[in-house]
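This report concerns only the one structure given below.
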Amino acid sequence: MRLKRIATVVNGVTATPDDWDRVRSKLVFEKEFVEGLYRLDHFKHIWVIFGFNRMRRTMMKSYPQHNLKKPQVGIFASRSPARPNKLGLTLVRLIGVRRNVVTVKGLDAFDGSPVYDIKPFEEEIDY
């Protein structure tokens, strides 16, 4: 399977902030995918599937939030970016949609990260 970038994260974040929940990001969509944003603005939250494009290593165990005081867990029991396929999944607050730009809050992705897909959060499905 080959993933296709549908958008790029623009937020100016180049180092891990103290609180990702405060970060506003723009997802700048490629022109060919703009039609797919039709009525996305009806939702309050969306799922963003993106790439950890700066992460090169893979680890099978990690410490949650890089906190050595917490017990070590397997990579699939963590939110660590050091995963085999370097995919991130985050539920974010949808701030707005304008032309080819989707503005969100709370995305834990660095500036320039590729976005591979987005999906609306639907309470009756996602809970």
Report task. Quick one: of K4/K61; K26/K119; K4/K119; K4/K31; K31/K105, which pairs are farther than 18 Å apart, Cα to Cα? Result -> K4/K61; K31/K105
Report summary line: Taking 115-122, 13-20 and ranking on average Cβ neighbours within 10 Å, highest first, one gets 115-122, 13-20
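Where a number appears in this text, it was derived from the coordinates with a stated rule and is not lab data. These numbers were taken from a predicted model, which means no experiment stands behind them. Please note: Cβ atoms are built from the backbone with ideal geometry, for glycine as well, and neighbour counts cover all protein chains shown.
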